[in-house]
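Single-structure report; data block below.
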Amino acid sequence: MCQLNFALLAQISQQAAVTGDPALAELLREISAYPVSDEAKALESGIQTNLGGVLVPLMLATKVGLLSFISTTTLFGTPRDITLSEIALEAFFPADSETAAIMQRLHA
């Protein structure tokens, strides 16, 4: 069962609406259809997801344990620079020491 992150889903929904990008719209349709366990819904409701859009929490239930990340997206360019305005950089950082330790073990 997928541990769908509702804040991330809202962010993709907003990007799809603003850009009109058909690939984002298809991604949104696809991930909206993922099954979500009751456990994931309860877990998500217990996390503060209103971080002003600057940070988005992401939790993944994996074989190695629960991984918690924060995600931030940086958009480049100005309204006059069409090429740069389409570039977005998304970075994920461990949100807790347990996730950082698991990621270090997996990297080694």
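Could you list, in sequence order, all residues of the stretch 40-81 that are part of a loop (DSSP other than H, G, I, E, B) and at pLDDT 75 or above? Result: 63, 64. Residue 30 fulfils the conditions (1) acidic (Asp, Glu); (2) modelled with pLDDT under 80; (3) within 24 Å of residue 89 (Cα to Cα) except for a single criterion, (2).
Of all residues in the stretch 7-31, those that are within 19 Å of residue 72 (Cβ to Cβ) have Cβ atoms under 6 Å from Cβ atoms of residues that are assigned to a loop (DSSP other than H, G, I, E, B), 6 or more apart or on another chain, in 7/49.
The values are calculated or read from the model by the stated rules, or taken from the named source; none is laboratory data. All values reported here derive from a predicted model rather than from experimental measurement. Neighbour counts run over all protein chains shown; Cβ positions are idealised from the backbone, glycine included.
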